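All remarks here apply to the structure that follows.
Where a number appears in this text, it was derived from the coordinates with a stated rule and is not lab data. Worth saying up front: this structure is predicted, and the values here are computed from it rather than measured. Neighbour counts are summed over all protein chains in view; Cβ atoms, including those assigned to glycine, are modelled from backbone coordinates with ideal geometry.
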Amino acid sequence: MPHTRKIPMRICIGCGEQKPKKEMIRIVRDPEGKLSIDRTGKKSGRGAYICDDPACLDKAASGGGIERALETPVTAELLDALRKELTVG
């Protein structure tokens, strides 16, 4: 009997949907406290997952999901930088 590989699932901090980890984008707070988008999922630090959709980022920001998940205050400048990085990638 072939071994079926388990697909890791993550919950989006914006819409709350559970999706495969590979379909999500990780927002990470590094040890210095800087927030960035981690498309590889390998950066060190505290991470939260979000759908590859700017609307989910807006939902997570307005509902306080990013601050709760990453345990750090989020400024408007940081959100704009994350939004640009999300649309570019």
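Helix 76-88 versus the longest principal axis of the chain: what angle, 0 to 90°, nearest 10, using Cα atoms? It is inclined by approximately 40 degrees.
Using Cβ counts within 10 Å as a stand-in for footprinting exposure, how do Ile37, Ile66, Ile7 rank, fewest first? Display every interim value, and only then the final one.
Values: Ile37 20, Ile66 25, Ile7 9.
Least crowded to most crowded, the residues run Ile7, Ile37, Ile66.
Candidate cross-link partners of Lys19 among the aspartates and glutamates, defined by an alpha-carbon separation under 16 Å and a same-chain spacing of 8 or more, comprise Asp52, Asp53.
Shape analysis of the chain based on the Cα gyration tensor places the equivalent ellipsoid semi-axes at 24, 14, 12 Å, largest first.
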